[in-house]
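Trainee: One structure, pasted below without further comment.
Values quoted throughout were computed directly from the atomic coordinates according to the rules given, and no laboratory measurement underlies them. This is a predicted model, so every value here is computed, not measured. Virtual Cβ from ideal backbone geometry, glycine too; neighbours counted across all protein chains shown.
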Amino acid sequence: MEEKIYTVTEFNKLVKLYLDENPNFQEFFLSGELSGVTYYKSGHLYFTLKDKQSQIKCAAFNYKYKRIPDDLKEGDSVKIFGDVGFYETRGDFQVLVRHIQKEDKLGEMFAKLEKLKNDLEKEGLFSPLFKKPLPKYPSAIGIVTAYTGAAFHDIVNTTRKRFKNIDIYIYSAKVQGIGAKEEIVKGIETLNKIPEIDLIIAGRGGGSVEDLWAFNEEEVARAFYRSEKPIISAVGHEIDYLLSDLVADVRAATPTQAIEIAIPVKEDIEKKLLDKQRILSNYMRSLFERKKENIQNLRKSYVLKNFQKIVSEKNQNLILKEERLERALEKIIKNKKHDLDIRIERVVVLNPIATLKRGYSITKLDGRIVKNSLELKIGQKIETILDKGKVTSLIEEIIE
């Protein structure tokens, strides 16, 4: 087979001819995500259209005359209509764009958001039961926001105006675009580890729905929920509540409002303290005057004037009562002694030893006192107890 050798120019012409004459490469639609969007003063627009695996260069010449939007940006999902273009001189392959239509990516995002919102609500992440109260007088606050953003400066300036002695810890984080949700989560977790911080404010200034979307991400919402310190969601926006707003302990419409909610005005506190001090001083002064007046009244009273006399009378009364008590006790003791003597006499009379002393005896059979001759039999041994000594007898005769 004979070798066919082309020059670069010849080969590029063949490629261009093939592309131009192939209907598959003319008047077609492509869908994808925009990257590297660049508008030139010349009126031309260049960008890259990509999906998860591939990308292709695109150009829209004189885009204003083709009714192509002038607000296309990184990450927009679009559908384009155009033809394949091949620039022979440089061998560049690209799509020559005739029209661009933004796809309803936002609608899809909101649909997913609603599902996520319902799931988190079922888990209880929005429940008021888990909302932590803000400290009344914080001494240090933590901020998660972009260090270069207007929100940061508003927070610092408003804090210094309200209470300049408060310490501010800043965690600078991306708040939009790729990597924003990870940095916001990391910021919340980091500030929670600083013991001095009393509360956390995480947010940013206003922006488009897409700009604010990081605060609708599940990871960010769960980081707000996990925060052990009270946390405020402070995202400047006019749309419905973001997920961070629903999960946070408190929601603020803007970063500035977050400071107004969290930080009291030092002058107001000082004024309240002065008012309380004034009230307390007046109360103490009034109390002192009342006590002073009471003392003066007591000095004029009969009791104080006649104190010694009253004490003497009380002592006399006490002595009389003591004498009466002693007489009453003597009478009671005498009566009790008489009763005791009678009881003792009765006990003495009933004492068997006393009976023996009077000449009587006690007869026992097998250790048992015999009270009747019928209890005995001839031939039994009995024991007779006398006042002094015992006698053992053998029964020979029983007389009833």
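Trainee: Explain nothing, just the number: relative contact order of the chain, from Cα pairs under 8 Å at least 6 residues apart, as a whole percent.
Mentor: Dividing the mean separation by the residue count of the chain yields 9 percent.
Trainee: Express as a percent, rounded to the nearest 5, the fraction of DSSP beta bridges in the chain (both residues included) that run antiparallel.
Mentor: The antiparallel fraction comes to roughly 65 percent.
Trainee: May I pose another question? Distance cut-off 20 Å, Cα to Cα: go down the list LYS57/LYS102; LYS41/LYS102; LYS73/LYS102; LYS136/LYS161; LYS364/LYS390; LYS73/LYS174 and report the pairs above it.
Mentor: Violating the 20 Å Cα-Cα cut-off are LYS41/LYS102.
Trainee: Gain in length, LYS300 to LYS64, computed as 0.36 nm per residue apart minus the alpha-carbon separation, to one decimal in nm?
Mentor: Here the answer is 74.5 nm.
Trainee: Give me the percent relative contact order of the stretch 108-264, please, defined on Cα pairs under 8 angstrom at least 6 residues apart.
Mentor: It rounds to 27 percent for the stretch 108-264.
Trainee: Another question about this same structure. Positive end of the charge dipole of the chain (Lys, Arg +1 and Asp, Glu -1 on Cβ, about the Cα centre): tell me which of THR38, ILE342, GLY177 has its Cα farthest that way.
Mentor: Selected residue: ILE342.
Trainee: So, with +1 on the Cβ of K and R and -1 on the Cβ of D and E, and no other charges, what is the size of the charge dipole of the chain about its Cα centre, to the nearest 20 debye?
Mentor: Rounded to the nearest 20 debye, it is 4160 debye.
Trainee: Quick check: from the Cα gyration tensor, does the chain come out rounded (a/c under 1.5), prolate or oblate?
Mentor: Oblate is the answer for the chain, as a/c is 1.5 or above yet b/c matches or exceeds a/b.
Trainee: Another one. How many nm is it between the label spots at TYR241 and LEU374, if each spot is 7 Å from the Cα in line with the beta carbon?
Mentor: For the pair TYR241/LEU374, the computed spacing is 10.7 nm.
Trainee: Averaging over every viewing direction, what projected area does the convex hull of the Cα atoms of the stretch 8-103 cover, in nm²?
Mentor: 6.6
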